[in-house]
1. How much accessible area does Y180 have with a 1.4 Å probe, in Å² rounded to the nearest 10?
2. Suppose the chain between H213 and I160 were pulled fully straight at 0.36 nm per residue; how much longer would it get relative to their current alpha carbon spacing?
3. Quick one: ranking K519, K271 by accessible area, 1.4 Å probe, largest first, what do you get?
4. Mind grabbing the accessible area of E113 for me, 1.4 Å probe, Å², rounded to tens?
5. For L125, what accessible surface area do you get with a 1.4 Å probe? Give it in Å², rounded to 10.
6. With a ≥ b ≥ c taken as the square roots of the eigenvalues of the C-alpha gyration tensor of the range 105-157, please select rounded if a/c is under 1.5 and otherwise prolate if a/b is larger than b/c or oblate if it is not?
7. Taking R0 as 45 Å, what's the FRET efficiency between L396 and K292 from their Cβ-Cβ distance, rounded to 0.05?
8. Using only the alpha-carbon atoms, what does the range 317-358 span along each of its principal axes? Please give whole angstrom values in decreasing order.
Amino acid sequence: MTILDWLIVALFLGALITIGYLFSHKNKNIEDYFVAGRSMPGWIVAIAAAGTTISAGTFVGSPELGFNTNLTYVINLLGSIFGGCLVAALILPKLYNAKTITIYGFIGERFGEKSKRANSVMFLLGQLFTSGSRLFIASLAVSVIIFGNINFQFIVWSIIILGIVSTFYTMMGGIKGLLYIDTFQTLLMVFTGLVALVMIYVSLHMDFSEIWHQLTAGGMVKHPGADASLGADGALVGWDAESKLRMFDFSLSFAKPYTIIGGMIGIAFFKICQYTTDQEFVQRQLACKDVKKAGTSLIWSQFLALPIVLTFISIGLLLWIKYMNDPDLDGELSRGFFHDARDVFPQYIKNHIPMGVRGLMITGLLAAALSSFNSAINAMASSFVDDLLLPIKKDLGKASGSDEDQIKSSRWMVGLMGMLLTGFAIVTAVMQQASGLNLVDFATGVMCFAYGGMIGVFLTAIFTKRGNGRSVAFALIIGCLIVVPLMFQKQLFGQTFIAWSWWCPIAGAISTAICMMGKPKAA
(Lines give C-alpha, C1' and ligand atoms only; values in the text may rest on other atoms or scores of the structure.)
Protein backbone atom coordinates (compact mmCIF):
# COMPACT_ATOMS: atom_id res chain seq x y z
CA MET A 1 0.00 0.00 0.00
CA THR A 2 1.38 3.39 -1.02
CA ILE A 3 0.53 6.85 0.28
CA LEU A 4 -1.68 7.39 -2.78
CA ASP A 5 -3.65 4.20 -2.01
CA TRP A 6 -4.17 5.25 1.61
CA LEU A 7 -5.24 8.73 0.49
CA ILE A 8 -7.94 7.27 -1.76
CA VAL A 9 -9.20 5.06 1.08
CA ALA A 10 -9.21 8.05 3.45
CA LEU A 11 -11.24 10.12 0.97
CA PHE A 12 -13.76 7.29 0.67
CA LEU A 13 -14.20 6.95 4.43
CA GLY A 14 -14.41 10.73 4.78
CA ALA A 15 -17.21 10.81 2.21
CA LEU A 16 -19.21 8.23 4.17
CA ILE A 17 -18.85 10.13 7.43
CA THR A 18 -19.80 13.42 5.71
CA ILE A 19 -22.98 11.92 4.22
CA GLY A 20 -23.92 10.47 7.61
CA TYR A 21 -23.36 13.85 9.28
CA LEU A 22 -25.44 15.75 6.71
CA PHE A 23 -28.40 13.44 7.23
CA SER A 24 -28.05 13.41 11.02
CA HIS A 25 -29.99 16.69 11.28
CA LYS A 26 -32.90 15.53 9.09
CA ASN A 27 -34.42 12.97 11.46
CA LYS A 28 -37.40 14.40 13.36
CA ASN A 29 -38.54 11.16 15.01
CA ILE A 30 -37.72 7.44 15.07
CA GLU A 31 -39.92 6.81 12.01
CA ASP A 32 -37.62 9.17 10.09
CA TYR A 33 -34.58 7.51 11.63
CA PHE A 34 -35.62 3.93 10.84
CA VAL A 35 -37.93 4.07 7.76
CA ALA A 36 -37.09 7.54 6.34
CA GLY A 37 -40.68 8.74 6.83
CA ARG A 38 -41.61 6.35 3.97
CA SER A 39 -40.41 8.93 1.48
CA MET A 40 -37.53 7.31 -0.42
CA PRO A 41 -37.57 7.00 -4.24
CA GLY A 42 -37.76 3.43 -5.54
CA TRP A 43 -34.55 3.53 -7.61
CA ILE A 44 -32.46 4.49 -4.58
CA VAL A 45 -33.99 1.66 -2.56
CA ALA A 46 -33.45 -0.84 -5.42
CA ILE A 47 -29.73 -0.08 -5.76
CA ALA A 48 -29.19 0.00 -1.99
CA ALA A 49 -31.09 -3.29 -1.58
CA ALA A 50 -29.00 -4.89 -4.32
CA GLY A 51 -25.87 -3.85 -2.44
CA THR A 52 -27.18 -5.35 0.78
CA THR A 53 -28.12 -8.58 -1.01
CA ILE A 54 -24.72 -9.13 -2.62
CA SER A 55 -22.55 -7.83 0.25
CA ALA A 56 -18.89 -8.68 0.83
CA GLY A 57 -19.69 -12.30 0.04
CA THR A 58 -19.81 -11.26 -3.61
CA PHE A 59 -16.59 -9.22 -3.64
CA VAL A 60 -14.54 -11.93 -1.91
CA GLY A 61 -16.64 -15.10 -2.13
CA SER A 62 -17.71 -14.98 -5.80
CA PRO A 63 -14.12 -14.90 -7.13
CA GLU A 64 -13.42 -17.90 -4.87
CA LEU A 65 -16.47 -19.63 -6.34
CA GLY A 66 -15.41 -18.85 -9.92
CA PHE A 67 -11.85 -20.01 -9.23
CA ASN A 68 -12.96 -23.30 -7.64
CA THR A 69 -16.03 -24.26 -9.67
CA ASN A 70 -18.09 -23.01 -12.63
CA LEU A 71 -21.18 -20.91 -13.45
CA THR A 72 -23.86 -23.13 -11.90
CA TYR A 73 -24.23 -20.52 -9.14
CA VAL A 74 -26.23 -18.49 -11.70
CA ILE A 75 -29.29 -20.62 -10.91
CA ASN A 76 -29.17 -19.04 -7.45
CA LEU A 77 -29.66 -15.63 -9.05
CA LEU A 78 -32.54 -16.82 -11.23
CA GLY A 79 -34.20 -18.40 -8.20
CA SER A 80 -33.74 -15.11 -6.35
CA ILE A 81 -35.59 -13.21 -9.06
CA PHE A 82 -38.44 -15.74 -9.00
CA GLY A 83 -38.69 -15.60 -5.20
CA GLY A 84 -38.52 -11.80 -5.18
CA CYS A 85 -41.41 -11.56 -7.65
CA LEU A 86 -43.56 -13.84 -5.48
CA VAL A 87 -42.87 -11.74 -2.38
CA ALA A 88 -43.59 -8.47 -4.20
CA ALA A 89 -46.93 -9.77 -5.46
CA LEU A 90 -48.24 -11.79 -2.52
CA ILE A 91 -46.53 -10.82 0.74
CA LEU A 92 -44.96 -7.35 0.68
CA PRO A 93 -48.29 -5.45 0.29
CA LYS A 94 -49.56 -6.87 3.60
CA LEU A 95 -46.33 -6.05 5.43
CA TYR A 96 -46.15 -2.53 3.97
CA ASN A 97 -49.82 -1.71 4.61
CA ALA A 98 -49.49 -2.66 8.27
CA LYS A 99 -47.63 0.70 8.63
CA THR A 100 -45.42 -0.56 11.44
CA ILE A 101 -41.77 0.52 11.83
CA THR A 102 -40.68 -3.13 11.79
CA ILE A 103 -42.29 -6.14 10.15
CA TYR A 104 -42.55 -7.80 13.57
CA GLY A 105 -45.18 -5.23 14.45
CA PHE A 106 -47.35 -7.08 11.92
CA ILE A 107 -46.83 -10.30 13.89
CA GLY A 108 -47.77 -8.45 17.06
CA GLU A 109 -51.07 -7.34 15.54
CA ARG A 110 -51.79 -10.93 14.48
CA PHE A 111 -50.61 -13.03 17.46
CA GLY A 112 -50.03 -10.55 20.29
CA GLU A 113 -47.18 -8.62 21.89
CA LYS A 114 -45.27 -11.67 23.18
CA SER A 115 -45.12 -13.19 19.67
CA LYS A 116 -43.90 -9.89 18.29
CA ARG A 117 -41.09 -9.81 20.84
CA ALA A 118 -40.20 -13.47 20.25
CA ASN A 119 -39.82 -12.90 16.50
CA SER A 120 -37.77 -9.78 17.11
CA VAL A 121 -35.43 -11.69 19.44
CA MET A 122 -35.07 -14.50 16.88
CA PHE A 123 -34.23 -11.92 14.21
CA LEU A 124 -31.61 -10.32 16.47
CA LEU A 125 -29.99 -13.67 17.23
CA GLY A 126 -30.04 -14.66 13.56
CA GLN A 127 -28.50 -11.36 12.52
CA LEU A 128 -25.62 -11.79 14.94
CA PHE A 129 -24.54 -14.85 12.96
CA THR A 130 -25.70 -13.71 9.51
CA SER A 131 -24.11 -10.27 9.41
CA GLY A 132 -21.25 -11.46 11.56
CA SER A 133 -20.39 -13.91 8.78
CA ARG A 134 -20.42 -11.12 6.19
CA LEU A 135 -18.10 -9.01 8.29
CA PHE A 136 -15.79 -12.00 8.71
CA ILE A 137 -15.70 -12.56 4.93
CA ALA A 138 -14.86 -8.90 4.33
CA SER A 139 -12.13 -9.09 6.97
CA LEU A 140 -10.32 -11.74 4.92
CA ALA A 141 -9.61 -9.20 2.22
CA VAL A 142 -8.78 -6.41 4.65
CA SER A 143 -6.39 -8.78 6.45
CA VAL A 144 -4.59 -9.47 3.17
CA ILE A 145 -4.35 -5.79 2.27
CA ILE A 146 -3.15 -4.54 5.67
CA PHE A 147 -1.30 -7.54 7.14
CA GLY A 148 -0.42 -9.61 4.06
CA ASN A 149 -2.19 -12.87 4.97
CA ILE A 150 -5.30 -14.37 6.59
CA ASN A 151 -3.87 -15.63 9.87
CA PHE A 152 -6.59 -15.70 12.53
CA GLN A 153 -5.18 -12.88 14.69
CA PHE A 154 -5.04 -10.56 11.68
CA ILE A 155 -8.62 -11.48 10.73
CA VAL A 156 -9.72 -10.47 14.25
CA TRP A 157 -8.03 -7.07 13.98
CA SER A 158 -9.56 -6.52 10.55
CA ILE A 159 -13.02 -7.34 11.92
CA ILE A 160 -12.59 -4.79 14.70
CA ILE A 161 -11.44 -2.07 12.27
CA LEU A 162 -14.39 -2.60 9.92
CA GLY A 163 -16.87 -2.80 12.80
CA ILE A 164 -15.77 0.50 14.36
CA VAL A 165 -15.80 2.44 11.07
CA SER A 166 -19.21 1.17 9.97
CA THR A 167 -20.86 1.65 13.36
CA PHE A 168 -19.65 5.24 13.65
CA TYR A 169 -21.21 6.66 10.49
CA THR A 170 -24.35 4.51 10.74
CA MET A 171 -25.10 6.00 14.17
CA MET A 172 -25.29 9.49 12.71
CA GLY A 173 -27.48 9.40 9.61
CA GLY A 174 -30.26 6.87 10.17
CA ILE A 175 -31.83 4.86 7.33
CA LYS A 176 -32.18 7.82 4.94
CA GLY A 177 -28.47 8.61 5.03
CA LEU A 178 -27.75 4.90 4.96
CA LEU A 179 -29.72 4.36 1.75
CA TYR A 180 -27.79 7.10 -0.06
CA ILE A 181 -24.51 5.74 1.33
CA ASP A 182 -25.41 2.20 0.25
CA THR A 183 -26.32 3.41 -3.25
CA PHE A 184 -22.95 5.15 -3.54
CA GLN A 185 -21.13 2.10 -2.18
CA THR A 186 -22.94 -0.33 -4.51
CA LEU A 187 -22.13 1.71 -7.61
CA LEU A 188 -18.51 2.01 -6.46
CA MET A 189 -18.29 -1.75 -5.89
CA VAL A 190 -19.64 -2.46 -9.39
CA PHE A 191 -17.22 0.01 -10.98
CA THR A 192 -14.17 -1.44 -9.23
CA GLY A 193 -15.26 -4.98 -10.16
CA LEU A 194 -15.48 -4.05 -13.84
CA VAL A 195 -12.08 -2.32 -13.70
CA ALA A 196 -10.53 -5.43 -12.11
CA LEU A 197 -12.13 -7.72 -14.69
CA VAL A 198 -10.73 -5.68 -17.58
CA MET A 199 -7.26 -5.46 -16.03
CA ILE A 200 -7.05 -9.22 -15.41
CA TYR A 201 -8.31 -9.91 -18.95
CA VAL A 202 -5.62 -7.65 -20.45
CA SER A 203 -2.90 -9.22 -18.29
CA LEU A 204 -3.63 -12.69 -19.72
CA HIS A 205 -2.33 -11.66 -23.18
CA MET A 206 -4.77 -14.10 -24.82
CA ASP A 207 -7.46 -13.63 -27.38
CA PHE A 208 -11.03 -14.43 -26.44
CA SER A 209 -11.10 -17.78 -28.29
CA GLU A 210 -8.10 -19.05 -26.33
CA ILE A 211 -9.67 -18.02 -23.02
CA TRP A 212 -12.92 -19.70 -24.06
CA HIS A 213 -11.05 -22.92 -24.91
CA GLN A 214 -9.27 -23.05 -21.54
CA LEU A 215 -12.49 -22.43 -19.63
CA THR A 216 -14.45 -25.07 -21.54
CA ALA A 217 -11.64 -27.57 -20.87
CA GLY A 218 -12.13 -26.58 -17.22
CA GLY A 219 -11.53 -29.23 -14.62
CA MET A 220 -10.12 -31.67 -17.19
CA VAL A 221 -6.86 -29.73 -16.91
CA LYS A 222 -4.64 -30.92 -14.08
CA HIS A 223 -3.74 -27.89 -11.98
CA PRO A 224 -0.28 -27.23 -10.53
CA GLY A 225 -1.44 -27.78 -6.94
CA ALA A 226 -2.75 -31.29 -7.53
CA ASP A 227 -1.73 -33.84 -4.91
CA ALA A 228 -3.14 -36.69 -2.88
CA SER A 229 -5.68 -34.45 -1.16
CA LEU A 230 -7.38 -33.71 -4.46
CA GLY A 231 -9.17 -35.78 -7.07
CA ALA A 232 -7.20 -37.96 -9.45
CA ASP A 233 -7.64 -35.44 -12.25
CA GLY A 234 -6.53 -32.53 -10.09
CA ALA A 235 -9.99 -31.05 -9.63
CA LEU A 236 -11.10 -29.99 -6.18
CA VAL A 237 -12.93 -32.69 -4.28
CA GLY A 238 -16.69 -32.19 -4.57
CA TRP A 239 -16.53 -30.54 -7.97
CA ASP A 240 -17.04 -32.54 -11.16
CA ALA A 241 -14.26 -32.20 -13.71
CA GLU A 242 -16.04 -30.40 -16.54
CA SER A 243 -16.38 -27.07 -18.32
CA LYS A 244 -15.98 -24.04 -16.05
CA LEU A 245 -18.59 -22.34 -18.20
CA ARG A 246 -21.28 -24.88 -17.37
CA MET A 247 -24.31 -22.91 -16.17
CA PHE A 248 -27.12 -25.40 -15.61
CA ASP A 249 -27.10 -28.63 -13.64
CA PHE A 250 -30.18 -30.76 -14.34
CA SER A 251 -29.31 -33.47 -11.81
CA LEU A 252 -31.80 -34.37 -9.08
CA SER A 253 -29.18 -34.47 -6.32
CA PHE A 254 -30.18 -32.75 -3.07
CA ALA A 255 -26.50 -32.67 -2.04
CA LYS A 256 -25.73 -30.03 -4.68
CA PRO A 257 -26.91 -26.47 -3.95
CA TYR A 258 -26.95 -25.12 -7.51
CA THR A 259 -29.11 -27.47 -9.53
CA ILE A 260 -32.19 -26.43 -11.49
CA ILE A 261 -34.56 -27.75 -8.82
CA GLY A 262 -32.33 -26.41 -6.02
CA GLY A 263 -32.33 -22.94 -7.52
CA MET A 264 -35.90 -22.55 -8.73
CA ILE A 265 -37.45 -24.19 -5.65
CA GLY A 266 -34.97 -24.18 -2.76
CA ILE A 267 -33.29 -20.84 -3.35
CA ALA A 268 -36.54 -19.18 -4.47
CA PHE A 269 -38.03 -20.24 -1.11
CA PHE A 270 -34.92 -18.94 0.66
CA LYS A 271 -35.52 -15.53 -0.95
CA ILE A 272 -39.15 -15.63 0.13
CA CYS A 273 -37.88 -16.16 3.68
CA GLN A 274 -35.38 -13.32 3.36
CA TYR A 275 -37.82 -10.72 2.03
CA THR A 276 -40.62 -11.78 4.37
CA THR A 277 -38.96 -12.32 7.76
CA ASP A 278 -35.71 -10.32 7.73
CA GLN A 279 -36.04 -6.70 8.89
CA GLU A 280 -32.66 -5.86 7.36
CA PHE A 281 -33.98 -6.50 3.86
CA VAL A 282 -37.65 -5.56 4.24
CA GLN A 283 -36.77 -2.29 6.02
CA ARG A 284 -35.61 -0.81 2.71
CA GLN A 285 -38.94 -1.53 1.06
CA LEU A 286 -40.81 -0.02 4.02
CA ALA A 287 -38.95 3.24 3.35
CA CYS A 288 -40.53 3.63 -0.13
CA LYS A 289 -43.24 6.18 -0.86
CA ASP A 290 -45.93 3.58 -1.60
CA VAL A 291 -46.38 -0.17 -1.82
CA LYS A 292 -46.10 -0.26 -5.61
CA LYS A 293 -42.68 1.39 -5.51
CA ALA A 294 -41.70 -0.98 -2.69
CA GLY A 295 -42.52 -4.05 -4.78
CA THR A 296 -40.87 -2.67 -7.90
CA SER A 297 -37.68 -1.82 -6.01
CA LEU A 298 -37.54 -5.35 -4.55
CA ILE A 299 -37.80 -6.98 -7.99
CA TRP A 300 -35.27 -4.63 -9.58
CA SER A 301 -32.80 -5.25 -6.77
CA GLN A 302 -32.81 -8.96 -7.66
CA PHE A 303 -32.32 -8.24 -11.36
CA LEU A 304 -29.45 -5.83 -10.58
CA ALA A 305 -27.68 -8.49 -8.51
CA LEU A 306 -27.41 -10.82 -11.54
CA PRO A 307 -24.81 -8.92 -13.63
CA ILE A 308 -22.96 -7.80 -10.50
CA VAL A 309 -22.41 -11.33 -9.22
CA LEU A 310 -21.53 -12.57 -12.71
CA THR A 311 -18.83 -9.89 -12.90
CA PHE A 312 -17.13 -11.15 -9.74
CA ILE A 313 -17.50 -14.83 -10.64
CA SER A 314 -15.85 -13.98 -13.98
CA ILE A 315 -12.96 -12.44 -12.06
CA GLY A 316 -12.47 -15.83 -10.40
CA LEU A 317 -12.63 -17.63 -13.76
CA LEU A 318 -9.93 -15.39 -15.25
CA LEU A 319 -7.76 -15.70 -12.16
CA TRP A 320 -8.01 -19.48 -12.52
CA ILE A 321 -6.58 -19.17 -16.03
CA LYS A 322 -3.94 -16.74 -14.77
CA TYR A 323 -2.59 -19.07 -12.09
CA MET A 324 -3.04 -22.23 -14.16
CA ASN A 325 -0.78 -20.82 -16.86
CA ASP A 326 1.69 -19.20 -14.48
CA PRO A 327 1.78 -21.36 -11.33
CA ASP A 328 4.87 -19.55 -10.04
CA LEU A 329 3.37 -16.09 -10.40
CA ASP A 330 3.25 -15.65 -6.62
CA GLY A 331 5.44 -18.60 -5.66
CA GLU A 332 4.04 -20.95 -3.04
CA LEU A 333 1.07 -18.63 -2.58
CA SER A 334 -0.11 -19.37 -6.14
CA ARG A 335 -0.16 -23.12 -5.62
CA GLY A 336 -1.94 -22.63 -2.31
CA PHE A 337 -4.94 -21.09 -4.08
CA PHE A 338 -5.81 -24.53 -5.47
CA HIS A 339 -6.36 -25.70 -1.90
CA ASP A 340 -7.82 -22.52 -0.35
CA ALA A 341 -8.93 -19.77 -2.73
CA ARG A 342 -10.66 -17.57 -0.15
CA ASP A 343 -8.10 -14.79 -0.59
CA VAL A 344 -7.29 -15.25 -4.30
CA PHE A 345 -8.79 -11.90 -5.39
CA PRO A 346 -7.53 -9.83 -2.42
CA GLN A 347 -4.02 -11.25 -2.92
CA TYR A 348 -4.15 -10.36 -6.61
CA ILE A 349 -5.19 -6.80 -5.73
CA LYS A 350 -2.35 -6.52 -3.24
CA ASN A 351 0.37 -8.00 -5.46
CA HIS A 352 -0.53 -7.10 -9.04
CA ILE A 353 -2.80 -4.04 -9.22
CA PRO A 354 -0.78 -0.79 -9.67
CA MET A 355 -0.86 1.92 -7.02
CA GLY A 356 -3.77 4.31 -7.18
CA VAL A 357 -5.92 1.71 -8.88
CA ARG A 358 -5.16 -0.57 -5.94
CA GLY A 359 -6.52 2.07 -3.59
CA LEU A 360 -9.67 2.27 -5.73
CA MET A 361 -10.06 -1.53 -5.52
CA ILE A 362 -9.78 -1.39 -1.75
CA THR A 363 -12.56 1.21 -1.58
CA GLY A 364 -14.71 -1.18 -3.62
CA LEU A 365 -13.97 -3.92 -1.12
CA LEU A 366 -14.79 -1.64 1.81
CA ALA A 367 -17.99 -0.53 0.06
CA ALA A 368 -19.09 -4.16 -0.26
CA ALA A 369 -18.23 -4.89 3.36
CA LEU A 370 -19.75 -1.82 4.93
CA SER A 371 -22.96 -1.74 2.87
CA SER A 372 -24.13 -5.03 4.34
CA PHE A 373 -22.84 -4.46 7.87
CA ASN A 374 -24.31 -0.98 8.37
CA SER A 375 -27.73 -2.04 7.11
CA ALA A 376 -27.69 -4.92 9.59
CA ILE A 377 -26.94 -2.81 12.64
CA ASN A 378 -29.58 -0.24 11.67
CA ALA A 379 -32.19 -2.98 11.18
CA MET A 380 -31.25 -4.63 14.49
CA ALA A 381 -31.46 -1.32 16.31
CA SER A 382 -34.88 -0.54 14.80
CA SER A 383 -36.20 -3.95 15.87
CA PHE A 384 -34.73 -3.67 19.37
CA VAL A 385 -36.07 -0.15 19.96
CA ASP A 386 -39.55 -0.48 18.43
CA ASP A 387 -40.30 -4.11 19.28
CA LEU A 388 -38.58 -4.48 22.66
CA LEU A 389 -37.28 -1.33 24.33
CA LEU A 390 -40.25 1.03 23.93
CA PRO A 391 -42.94 -1.61 24.66
CA ILE A 392 -41.08 -2.82 27.76
CA LYS A 393 -40.70 0.78 29.01
CA LYS A 394 -44.43 1.23 28.47
CA ASP A 395 -45.17 -1.95 30.44
CA LEU A 396 -43.05 -0.61 33.30
CA GLY A 397 -44.95 2.67 33.27
CA LYS A 398 -41.99 4.70 32.01
CA ALA A 399 -42.46 7.48 29.47
CA SER A 400 -41.06 6.89 25.99
CA GLY A 401 -39.54 10.36 26.01
CA SER A 402 -39.56 13.08 23.38
CA ASP A 403 -38.74 12.44 19.71
CA GLU A 404 -35.26 13.83 20.35
CA ASP A 405 -34.75 11.43 23.27
CA GLN A 406 -35.96 8.47 21.20
CA ILE A 407 -33.57 9.31 18.35
CA LYS A 408 -30.72 9.64 20.85
CA SER A 409 -31.57 6.25 22.35
CA SER A 410 -31.80 4.75 18.87
CA ARG A 411 -28.31 5.99 18.03
CA TRP A 412 -26.93 4.37 21.16
CA MET A 413 -28.69 1.13 20.21
CA VAL A 414 -27.03 1.28 16.78
CA GLY A 415 -23.69 1.55 18.57
CA LEU A 416 -24.52 -1.40 20.82
CA MET A 417 -25.60 -3.57 17.89
CA GLY A 418 -22.42 -2.68 16.05
CA MET A 419 -20.35 -3.87 19.00
CA LEU A 420 -22.30 -7.13 19.28
CA LEU A 421 -22.02 -7.87 15.56
CA THR A 422 -18.30 -7.20 15.62
CA GLY A 423 -17.90 -9.73 18.43
CA PHE A 424 -20.00 -12.37 16.70
CA ALA A 425 -18.04 -11.92 13.46
CA ILE A 426 -15.10 -13.47 15.30
CA VAL A 427 -17.32 -16.41 16.31
CA THR A 428 -18.41 -16.99 12.69
CA ALA A 429 -14.75 -17.08 11.62
CA VAL A 430 -14.42 -20.23 13.72
CA MET A 431 -17.79 -21.60 12.52
CA GLN A 432 -16.88 -21.29 8.85
CA GLN A 433 -13.77 -23.39 9.32
CA ALA A 434 -15.77 -26.05 11.19
CA SER A 435 -18.65 -26.17 8.68
CA GLY A 436 -16.47 -27.04 5.67
CA LEU A 437 -18.59 -24.72 3.47
CA ASN A 438 -17.15 -22.20 1.03
CA LEU A 439 -17.60 -18.52 1.84
CA VAL A 440 -20.72 -17.93 -0.27
CA ASP A 441 -22.53 -21.06 0.94
CA PHE A 442 -21.63 -20.36 4.57
CA ALA A 443 -22.80 -16.72 4.43
CA THR A 444 -26.18 -17.73 3.02
CA GLY A 445 -26.58 -21.01 4.89
CA VAL A 446 -26.12 -19.40 8.30
CA MET A 447 -29.18 -17.22 7.64
CA CYS A 448 -31.36 -20.31 7.78
CA PHE A 449 -31.04 -20.53 11.57
CA ALA A 450 -33.49 -17.67 12.01
CA TYR A 451 -35.40 -17.95 8.73
CA GLY A 452 -36.44 -21.59 9.26
CA GLY A 453 -38.76 -20.80 12.17
CA MET A 454 -39.80 -17.25 11.33
CA ILE A 455 -41.07 -18.08 7.84
CA GLY A 456 -43.53 -20.57 9.37
CA VAL A 457 -44.89 -17.82 11.64
CA PHE A 458 -45.19 -15.26 8.83
CA LEU A 459 -46.82 -17.65 6.33
CA THR A 460 -49.34 -18.68 8.98
CA ALA A 461 -50.06 -15.05 9.86
CA ILE A 462 -50.41 -13.86 6.26
CA PHE A 463 -52.31 -16.72 4.61
CA THR A 464 -54.31 -18.39 7.39
CA LYS A 465 -56.36 -17.60 10.46
CA ARG A 466 -54.61 -20.27 12.50
CA GLY A 467 -51.91 -19.99 15.16
CA ASN A 468 -51.49 -18.53 18.63
CA GLY A 469 -48.70 -17.33 20.90
CA ARG A 470 -47.72 -20.83 22.03
CA SER A 471 -47.55 -22.32 18.51
CA VAL A 472 -45.51 -19.30 17.40
CA ALA A 473 -42.94 -19.98 20.13
CA PHE A 474 -42.68 -23.70 19.24
CA ALA A 475 -42.37 -22.90 15.51
CA LEU A 476 -39.49 -20.48 16.12
CA ILE A 477 -37.54 -22.86 18.36
CA ILE A 478 -38.00 -26.04 16.31
CA GLY A 479 -37.34 -24.25 13.00
CA CYS A 480 -33.98 -23.09 14.35
CA LEU A 481 -33.03 -26.46 15.86
CA ILE A 482 -33.71 -28.30 12.59
CA VAL A 483 -30.98 -26.28 10.84
CA VAL A 484 -28.23 -27.18 13.35
CA PRO A 485 -27.62 -30.79 12.21
CA LEU A 486 -28.08 -29.71 8.57
CA MET A 487 -25.25 -27.17 8.81
CA PHE A 488 -22.86 -29.62 10.43
CA GLN A 489 -23.69 -32.71 8.34
CA LYS A 490 -20.09 -33.20 7.32
CA GLN A 491 -18.92 -33.31 10.93
CA LEU A 492 -21.81 -35.50 12.12
CA PHE A 493 -22.20 -37.91 9.20
CA GLY A 494 -18.97 -37.60 7.21
CA GLN A 495 -20.59 -36.06 4.12
CA THR A 496 -23.25 -33.61 2.96
CA PHE A 497 -26.59 -35.19 2.05
CA ILE A 498 -28.72 -32.02 1.89
CA ALA A 499 -27.28 -28.76 0.47
CA TRP A 500 -27.95 -25.43 2.19
CA SER A 501 -30.47 -24.40 -0.50
CA TRP A 502 -32.91 -26.97 0.96
CA TRP A 503 -32.50 -26.05 4.63
CA CYS A 504 -35.10 -23.26 4.58
CA PRO A 505 -37.76 -25.28 2.70
CA ILE A 506 -37.36 -28.19 5.13
CA ALA A 507 -37.35 -26.09 8.30
CA GLY A 508 -39.99 -23.74 6.90
CA ALA A 509 -42.45 -26.51 6.04
CA ILE A 510 -42.14 -28.07 9.50
CA SER A 511 -42.38 -24.74 11.36
CA THR A 512 -45.43 -23.72 9.31
CA ALA A 513 -47.18 -26.97 10.19
CA ILE A 514 -46.33 -26.46 13.88
CA CYS A 515 -47.52 -22.84 13.91
CA MET A 516 -50.80 -23.77 12.23
CA MET A 517 -51.52 -26.35 14.93
CA GLY A 518 -52.33 -23.53 17.30
CA LYS A 519 -56.00 -22.67 17.54
CA PRO A 520 -56.72 -18.95 17.22
CA LYS A 521 -58.16 -17.23 20.23
CA ALA A 522 -61.85 -16.54 20.05
CA ALA A 523 -62.63 -12.93 19.15
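The values are calculated or read from the model by the stated rules, or taken from the named source; none is laboratory data. Model, not experiment: these values are computed from the prediction. Cβ sites come from the backbone with ideal geometry, for glycine too, and all protein chains shown count toward neighbours. In case anyone asks, the SASA skips ligands and DNA or RNA and just uses the protein heavy atoms, side chains included. Shrake-Rupley method; radii C 1.70, N 1.55, O 1.52, S 1.80 Å.
1. 90 Å²
2. Between H213 and I160, full extension yields an extra 14.7 nm.
3. Numbers: K519 150, K271 15 Å².
Highest to lowest solvent-accessible surface, that is K519, K271.
4. The value for E113 is about 70 Å².
5. Roll a 1.4 Å probe over it and L125 shows about 90 Å².
6. Prolate.
7. Details: r = 40 Å, r/R0 = 0.89.
Rounded to the nearest 0.05, the efficiency is 0.65.
8. 30, 20, 19
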